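**Student:** Got a structure for you, written out below as structure tokens; questions coming shortly.
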């Protein structure tokens, strides 16, 4: 199980303390990058990624919720990202997605694809043998602190079944409303990496991460 806290919920006024806790307790650190166009919210640029890169050797997992993922992929690659995940809905085109996946791989980064709750899983099945990470959104992307959408569970099962059928080795990641109340169900249905923002950062980071681990 990979725990990937979203720095969208990080308390930057206590950056040093929170980075120490993350370095002690997690495998990945997740970045929700929003441009106020593809989604209605605006978050941060590459400077935050650079600052965290200077303070950790953890895997930096960048989720682009932007209209121009090709541009931002290059920007965040230079900032220290280890993976770039972009949204299928930006293109709604398999060939264009493959082009960007290839460009991300050419930068020696892991490449991932994500879909919104309303996008059928079947639309991205042709991409699953080309990616390293599949990110299933269990909330509508754009804002933190939303409640988990149970409709994500059968979608998760669908992806996991296809992965097993085709003997693929991408990582299945889930993002949105993840807590210790639903983590076990997500893991039992095929999730391997859990993105958690509010749950991890509201309180004792190490203790909250441990609560997720106990759900395995």
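**Student:** Looking at the chain from every direction and averaging, what is the projected area of its Cα convex hull in nm²?
**Tutor:** Seen from a random direction, the Cα hull of the chain projects 10.5 nm² on average.
**Student:** When a footprinting reagent is the concern and you count Cβ atoms within 10 Å, what order do 84, 52 take, fewest first?
**Tutor:** 52, 84
**Student:** Can you order the peptides 101-108, 112-119 by their average number of other Cβ atoms within 10 Å per residue, highest first?
**Tutor:** Result, highest mean Cβ count within 10 Å first: 112-119, 101-108.
**Student:** For region 1-45, what class follows from the C-alpha gyration tensor (a ≥ b ≥ c being the square roots of its eigenvalues): rounded when a/c is under 1.5, otherwise prolate if a/b is larger than b/c, else oblate?
**Tutor:** oblate
**Student:** Just to verify a number: FRET efficiency for residue 149 and residue 56, C-beta to C-beta distance, R0 = 41 Å, to 0.05?
**Tutor:** The computed FRET efficiency comes out at 0.85.
**Student:** Exposure proxy check: 63, 87 ranked by fewest other beta carbons within 10 Å?
**Tutor:** 87, 63
**Student:** Got a sec? Which residues in region 155-181 would a label at residue 129 touch, if it sits 7 Å along Cα→Cβ and we count backbone N under 15 Å?
**Tutor:** 162-170
**Student:** Calculated FRET efficiency, residue 140 and residue 202, Cβ-Cβ r, R0 25 Å, to nearest 0.05?
**Tutor:** The calculated FRET efficiency here is 0.75.
**Student:** Please report 206, 155 as a ranked list, fewest other C-beta atoms within 10 angstrom at the top and most at the bottom.
**Tutor:** Final ranking by Cβ density, sparse to dense: 206, 155.
**Student:** Ok, one more. Taking square-rooted eigenvalues a ≥ b ≥ c of the alpha carbon gyration tensor, is region 1-95 rounded, prolate or oblate, where a/c under 1.5 means rounded and, failing that, a/b exceeding b/c means prolate?
**Tutor:** Prolate.
**Student:** I've got another one for you. Assign one of three labels to region 104-185, namely rounded, prolate or oblate, based on the Cα gyration tensor with a ≥ b ≥ c the square roots of its eigenvalues; rounded applies when a/c is under 1.5, prolate when it is not and a/b is larger than b/c, and oblate otherwise.
**Tutor:** Note, shape of region 104-185 comes out prolate.
**Student:** With a Cα-only, solvent-free Debye model of region 38-138, what are the log10 I(q)/I(0) values at q = 0.13, 0.24 Å⁻¹?
**Tutor:** Relative scattering, expressed as log10 I(q)/I(0), comes to -0.43, -1.36.
**Student:** Can you compute the modelled spin-label distance between residue 98 and residue 216, with each label point 7 Å from Cα toward Cβ, in nm?
**Tutor:** 3.7 nm
**Student:** Fully extended, how many nm does the chain gain between residue 13 and residue 42 (0.36 nm per residue separation, minus their Cα-Cα distance)?
**Tutor:** Contour length minus the Cα-Cα distance gives 8.5 nm.
**Student:** Highest mean first, how do 175-181, 147-153 rank when packing is the count of other Cβ atoms within 10 Å averaged over residues?
**Tutor:** 175-181, 147-153
**Student:** For residue 27 and residue 184, compute 0.36 nm times the residue count separating them, minus their Cα-Cα distance, and round to one decimal in nm.
**Tutor:** My answer for the length gained is 54.7 nm.
**Student:** Based solely on its DSSP helices, what 222 nm [θ] is calculated for the chain when runs of n ≥ 4 H residues each add -39,500 (n - 2.57) and the sum is averaged over all residues, nearest 500 deg cm²/dmol?
**Tutor:** That comes out to -10500 deg cm²/dmol.
**Student:** Give me the percent relative contact order of the chain, please, defined on Cα pairs under 8 angstrom at least 6 residues apart.
**Tutor:** The value is 21 percent.
Every number here is computed from the coordinates shown, using simple stated rules; none is lab data. Computed from a prediction, not measured in an experiment: that's the story for all the values here. Using ideal geometry, Cβ is built from the backbone for each residue, glycine included, and neighbour counts are taken over all protein chains shown.
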